[in-house]
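Take a look at the structure below.
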Amino acid sequence: MRILVVEDDPLLGDGLAAGLRQRGFDVDWMRDGIAAELALRAEPYAAVVLDLGLPRLDGLELLRRERAKGSRAPILVLTARDTIGDRVRGFDTGADDYVVKPVDLDELAARLRALIRRSRGEPAPVLALDALRLDPAARTVTFEGKPVDLQAREFNLLHEFMLHAGRVLTRSEIENRLYAYGEEIESNAVEVHVHHLRRKLAPGLIRTVRGVGYVMPRAHD
C-alpha cells in the first residue's frame, strides 16, 4: 500500500518513513504543503499521514483543499496540536483520524490499516477469498490452510489484488501502488511478481486481461 507522509521535521519524517516501510507500506515523504499537494495530484495514495505545522502551505489548509476537490483518500493528522479545539477543527475540516505526537509506530500502522480497510469497504482485519487468507497486520498468507511464504513486494501485490477483487488493475496502477516516488522499476517487474504469486498459490488465481492488466476474480467467479 502506497502512502504519503507529510512532515517537515527531518528526523521525525525520516523515522516515520523508515518505520512504516518496515511495517509493509510503500512511503513517499514530502516536507512541505505545496510539495504534498502536487504529489496528491499526481498519485493515488491509499492514505496520507499529515502534519499540520508545515512550511509553504499549512496542513489544515491542505486538508481543506483536498476535501474541497472531492478527495476521499483517508487522511490521518499527526501533529503536536493537542487541544480539543485543534482536534475539532481537524475532524471538521475532513480528517479521518487525529493523532497527537509522539506516536507508537505499531499503533500508527494499525490506524492506517484500519482507515484503508474502511475506505475500501473491507471492515474485517483479515481478507478472505475462497481458500485464500491474508492478514495485513501479521503480514501472513495461508492458502488451503497452509502458510505461504511471500516476499514483501509479492505480499503487497496480493493485498492489492484482494482489496480490488473483480476489478482489472493495469500495469501502471500496480506500479503506482507498489513503488514509492523515484524508486527504480524494472520493465518486467509486475510480470515477475504475478508469476511468483501464481507459482506459490495457484495458476488460475490471477488472470491476465490481454492488453489491459490483471484481475483476481471474486469468489466463485
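Values quoted throughout were computed directly from the atomic coordinates according to the rules given, and no laboratory measurement underlies them. Just so it is clear, the model here is predicted, and its values are computed rather than measured. We place every Cβ from the backbone using ideal geometry, glycine too, and count neighbours over all the protein chains shown.
As a proxy for reagent exposure, ranking 34, 3, 174 by other Cβ atoms within 10 Å from fewest up yields 34, 174, 3. Bridgeable lysines around residue 200 (alpha carbons under 21 Å apart, same-chain partners fewer than 8 residues away excluded): 146. Simple spin-label estimate for residue 195 and residue 71 gives 3.7 nm between the two label positions (7 Å along the Cα-to-Cβ direction from each Cα). Look at the alpha carbon pairs under 8 Å that are at least 6 residues apart: their mean separation over the length of region 127-215 gives a relative contact order of 26 percent.
The sum of -39500 (n - 2.57) across all DSSP H runs of n ≥ 4, divided by the residue count of the chain, sets its helix-only mean residue ellipticity at 222 nm to -12500 deg cm²/dmol. Taken about its Cα centre, the chain carries a charge dipole of roughly 860 debye when the Cβ of each Lys and Arg holds +1 and the Cβ of each Asp and Glu holds -1. If you wrap a convex hull around the Cα atoms of the chain, how much volume per residue is inside, in Å³? In the chain, the Cα hull volume divided by residue count equals 126 Å³. The fewest-to-most ranking of 66, 184, 144 by surrounding Cβ atoms within 10 Å reads 184, 144, 66. Each of 27, 80, 147 was scored by the projection of its Cα onto the charge dipole of the chain, and the greatest displacement toward the positive side belongs to 147; charges sit on the C-beta of Lys, Arg, Asp and Glu.
By definition, a body whose alpha carbon gyration tensor gives a ≥ b ≥ c is prolate when a/c is 1.5 or more and a/b is larger than b/c, and region 127-215 fits this prolate description. Among 28, 106, the ranking by other beta carbons within 10 Å of each residue's beta carbon, starting with the fewest, stands as 106, 28. The gain in end-to-end length when the residue 140 to residue 218 segment is fully stretched comes to 26.1 nm, 0.36 nm per residue minus the alpha carbon separation.
Considering every alpha-carbon pair of region 2-119, the percent of pairs per 10 Å bin, from zero through the bin containing the longest distance, is 14, 53, 31, 1. The C-alpha atoms of the chain define a longest principal axis, and helix 105-119 lies at about 70 degrees to it. Put the Cα centre of region 1-45 next to the Cα centre of region 82-104 and the gap is 18 Å.
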